1. Quick check, is residue 117 farther than 19 Å from residue 12 by Cα, modelled with pLDDT of 95 or more and in a loop (DSSP other than H, G, I, E, B)?
2. Sort out which residues of the range 150-176 are out of contact with any strand residue (DSSP E or B) (no Cβ under 6 Å at 6 or more places or on another chain) and either without any contact (Cβ under 8 Å) to a residue 60 or more places away in the chain or exposed (fewer than 15 other Cβ atoms within 10 Å of the Cβ) (or both), and write them in order of number.
3. Has the range 44-57 got any residue that is under 21 Å from the mean Cα position of the chain (by Cα) and assigned by TED's automatic domain parsing to the domain that holds residue 19?
4. Starting from the range 53-65, take each residue that is among the β-branched types (Val, Ile, Thr) and list its partners that are surrounded by 11 or more Cβ atoms within 10 Å (Cβ to Cβ), counting only C-beta distances under 6 angstrom and pairs at least six apart or across chains.
5. Of all residues in the range 177-209 being in a loop (DSSP other than H, G, I, E, B), out of contact with any Phe, Trp or Tyr (no Cβ under 7 Å at 6 or more places or on another chain) and touching a residue at least 12 places away in the same chain (Cβ under 8 Å), which is farthest from residue 97 (Cα to Cα)?
6. The conditions are (1) charged (D, E, K, R); (2) crowded, with 18+ Cβ neighbours inside 10 Å; (3) under 22 Å from residue 134 (Cβ atoms), and residue 203 fails exactly one of them. Which is it?
7. Out of all the residues in the range 60-75, is one or more under 26 Å from residue 118 (Cα atoms) and either loosely packed, with under 14 Cβ neighbours inside 10 Å or not basic (Lys, Arg) (or both)?
8. Scan the range 120-140 for residues that are among the small types (Gly, Ala, Ser) and assigned to a loop (DSSP other than H, G, I, E, B) and jot them down.
Amino acid sequence: MNHIDKISVVMAVYKNDNDLFFKEAVKSLLQQTYLPSEIIIVVDGPVSKNIDDLLARLSNNKLFIIIRLPENKGLAIALNIGIRKANYNLIARMDSDDISHPERFAKQIDFLSKNPKVDIVGTWIDEFIDNIENIRSTRKVPEEHSDIISYLKGRCPLNHPTVIFRKESVLQSGNYLECHLKEDLYLWLRFYKNNFVFANIQESLLFFRTSNDVFRRRGGIKYAKSELKMFNYRYQIGLINIYEYIYFNSVTIPIRLMPPIWRSLIYKYLLR
């Protein structure tokens with residue numbers, strides 16, 4: 001494996017994470033047919049004893065780099081620190097409760113080797129509850145750069161925990177910055193501003209853990225404000241015009257403010 005093809009994985013874990021889910025996530029990284037060269041885990045403040053015990057065991061493996069923050073700073077800051085600590089230019093994202101398909105890294109690295117101008121590549125995800133045999137939906141995202149940009153006008157065109165991106169592209173875009181539950185979208189918009197190239201492999205390569213109440217987190221005043229901030233930024237950088245700005249806000253903001261049961265039906269029948 002050439003140095004240019006080596007992968008750094010960056011993930012964060014915090015006090016509310018489930019230790020069993022975290023263990024499954026790590027296990028899926030170690031079962032890749034194309035193994036990462038380092039796994040950076042940013043511990044975002046104090047965590048449970050079970051997670052601490054697992055981290056202690058992982059620290060004995062040279063593959064793992066454990067970075068501990070004295071207090072909880074949030075996902076954006078945790079990832080920002082992890083990205084800067086990465087030793088390799090190809091960085092894979094992974095969340096602490098998802099499960100990567102064994103062929104995920106192999107297929108993404110093969111794609112990037114064949115498409116050297118692509119700065120970031122994601123995949124589809126299978127959303128499951130409790131176990132990966134219980135898949136509830138698949139979040140499909142567009143393949144080609146032009147289609148991804150069109151999708152970016154109104155929605156997030158990449159499944160965040162599936163992406164592999166180039167470190168230099170992330171740093172040139174300002175790295176992860178805080179924006180309530182929109183840290184990833186905010187970064188993709190800055191990728192767009194810098195004319196970086198997007199792609200998605202048209203295959204589910206990650207099992208995304210979800211629950212029946214997940215849509216509760218995707219609504220409320222705070223979430224709606226983040227959504228509005230992202231549309232303001234889209235307009236500011238010229239991704240959307242004033243008519244698109246009015247249209248997307250009139251469609252999206254009410255969804256964020258409606259009761260969770262209605263929002264879940266919209267996601268299930270219209271957005272998946």
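The values are calculated or read from the model by the stated rules, or taken from the named source; none is laboratory data. As the structure is a computational prediction, the values presented were derived from the model and not from experiment. Cβ placement follows ideal geometry from the backbone for every residue including glycine, while neighbour counts extend to all protein chains displayed.
1. Considered against the rule, which asks whether it is farther than 19 Å from residue 12 by Cα, modelled with pLDDT of 95 or more and in a loop (DSSP other than H, G, I, E, B), residue 117 comes out as yes.
2. 150, 151, 155, 156, 157, 168, 169, 171, 172, 173, 174
3. The answer is yes; a qualifying residue exists.
4. Final answer for the pair search is 65/38; 65/40.
5. Restricting to residues being in a loop (DSSP other than H, G, I, E, B), out of contact with any Phe, Trp or Tyr (no Cβ under 7 Å at 6 or more places or on another chain) and touching a residue at least 12 places away in the same chain (Cβ under 8 Å), the top hit is 194.
6. (2)
7. For the range 60-75, residues under 26 Å from residue 118 (Cα atoms) and either loosely packed, with under 14 Cβ neighbours inside 10 Å or not basic (Lys, Arg) (or both): present.
8. none
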